[in-house]
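Remarks on the structure that follows.
Nothing in this text is a laboratory measurement; each read-out follows from the coordinates by a stated rule. As the structure is a prediction and not an experimental result, all values here were calculated from the model. Note that each Cβ is placed from the backbone with ideal geometry, even for glycine, and that neighbours are counted across all protein chains shown.
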Ligand code: PLP
C-alpha cells in the first residue's frame with residue numbers, strides 16, 4: 001500500500017484493517033458482523049467494555065474520570081461542552097485560547113451559550129526569540145493568558161491540525177490563579193500520540209479519525225464532578241449525565257466505529273503502549289523537521305517550540321513547483337500531502353499508524369525532488 005499522510009480521516013494500522021476484514025462477516029464465531037449486532041447484546045457489550053478498559057489502561061485514565069463514546073465529532077463537542085459546563089457556578093462565562101482554525105471554531109460555537117472571552121491569541125504576527133512569527137504559527141505563552149477566575153472553564157486546542165501547532169505543557173490552573181477553572185482540551189489530532197496529564201485537564205475530547213479509529217465516534221474523558229450541569233436546551237443525547245449513566249448507549253452508538261477504535265487500542269498496546277508510540281512519534285517528527293531545517297528548498301514556518309509532532313505543514317520555496325511535487329509524490333506512493341486550503345503548500349500528517357519507514361520514504365523523495373529542481 002502507498003504511504004498515507006492524510007490529516008484525517010487518516011491511515012489506520014494495516015493489522016487493524018486486516019483483522020476487521022477477517023472478522024467482517026463472522027465476529028468470533030457468533031455468525032454476525034459487528035455491524036449486524038444489537039448494541040445491547042452480549043457480544044457488543046463486550047466490545048464496548050474492552051474498548052473502555054483498554055483506553056483507560058493506555059492513557060492511565062484515573063477513576064475520577066468517565067470515558068464516554070459520543071457522536072457528532074469534535075465539532076459537536078464545541079457546542080456540547082458549553083451546553084454541559086457553562087451553567088456550572090452560575091456565571092455563564094468561559095475563556096478560550098485562540099491558536100488556529102480549530103480553536104477559532106470552538107470559540108465561535110461557544111458564543112451561542114454565554115459570555116465567551118479570548119484569554120490569549122496567536123492571531124497576530126509576533127517576535128519570538130528574535131524571529132518574526134506569522135499569525136497562527138506559534139502558541140500563546142502561558143504567562144500572557146488573561147483568565148477570569150469565575151469562568152466555568154478554559155478551553156484550548158492542544159494540536160492545531162491545520163497550522164501544525166502543538167501545545168503539550170498544559171498548565172496547572174491553580175498556579176495561574178484560577179484554581180476552580182477546569183481546563184477543557186480539544187486533543188483530536190494528537191490524542192493517543194503522547195501521555196495526558198489528568199491532574200491538569202478536567203475534560204479532554206477527540207474525534208477518533210486521526211489516531212483512534214474511523215470517523216463517527218468521539219472520545220470524551222471527563223472528570224466526574226463536571227457531569228450534571230447541562231443547560232435545559234442541551235439535547236438529551238448530548239447531556240453527559242445520560243451518556244455516562246448509559247455506558248455511552250443512551251441511544252444506538254456508532255457500533256462499528258467503536259469496534260475499530262477498540263482494535264486500534266489493542267494494536268497500540270501491542271506496540272508497547274503510549275510511551276512507545278510517543279518515542280516513535282518523536283523520531284519521525286525529528287527526521288522530517290531536521291530535513292526541512294537543513295534545506296533551502298523547503299520551509300516550515302512554525303515556531304520551533306510549538307511544532308506539532310503529528311501535522312507538519314511545509315512549503316516549497318518555489319511555489320510554482322507545487323503541482324509537480326504533488327503529482328510526483330503520488331506516483332512515488334506518497335499520498336495526500338496537499339496542504340489545507342487556508343494555508344497552502346504541503347502538509348504531512350504523521351499519526352501513530354504512519355511508521356518511520358513512511359517518513360524516511362517521504363524525506364528521500366523530497367531530497368530527490370530538491371536535487372532535480374533545486
Ligand atoms: N478539532 C481538531 C483539532 C480537528 O483536527 C478537527 C478535524 O480535523 C476537528 C476539531 C473537527 O472534527 P470533526 O470533523 O470530527 O467534527
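Listing for the model above:
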quantity: Mean-position separation - Cα centroids, region 211-275 and region 38-55, in angstrom; calculated: 12
quantity: Cα-based Rg of region 9-161 normalised by 2.2 N^0.38 Å, two decimals; calculated: 1.41
quantity: Normalised alpha carbon radius of gyration of region 156-301 [divisor 2.2 N^0.38 Å]; calculated: 1.23
quantity: Backbone N under 11 Å from the residue 372 label point (7 Å along Cα→Cβ), restricted to region 315-344; calculated: 324-332
quantity: Exposure proxy ranking, count of Cβ atoms within 10 Å, fewest first, for 44, 167, 198; calculated: 198, 44, 167
quantity: Least to most buried among 46, 223 (fewest other Cβ within 10 Å first); calculated: 46, 223
quantity: Value of D in µm² per second that Stokes-Einstein yields for region 116-219, Kirkwood Rh from Cα pairs, at 37 °C (0.692 mPa s); calculated: 221
quantity: Separation in nanometres of the label points that stand 7 Å from Cα toward Cβ, at residue 111 and residue 53; calculated: 4.7
quantity: Exposure proxy ranking, count of Cβ atoms within 10 Å, fewest first, for 330, 129; calculated: 129, 330
quantity: Surface/4 estimate of mean projected area, convex hull on alpha-carbon atoms of region 192-255, nm²; calculated: 5.1
quantity: Length-normalised contact order for the chain - Cα pairs under 8 Å, 6+ apart - percent; calculated: 23
quantity: Cα Rg over Rh - region 285-329, Kirkwood; calculated: 0.98
quantity: P(r) histogram, all alpha-carbon pairs of the chain included - 20 Å bins from 0, percent; calculated: 29, 56, 15, 0
quantity: Packing-based ranking, highest mean first, of 29-41, 272-284 given that Cβ atoms within 10 Å are counted; calculated: 272-284, 29-41
quantity: For region 273-373, radius of gyration divided by Kirkwood radius, i.e. Rg to Rh on alpha-carbons; calculated: 0.95
quantity: Descending principal axes extents, region 258-309, alpha-carbon based, whole Å; calculated: 44, 20, 19
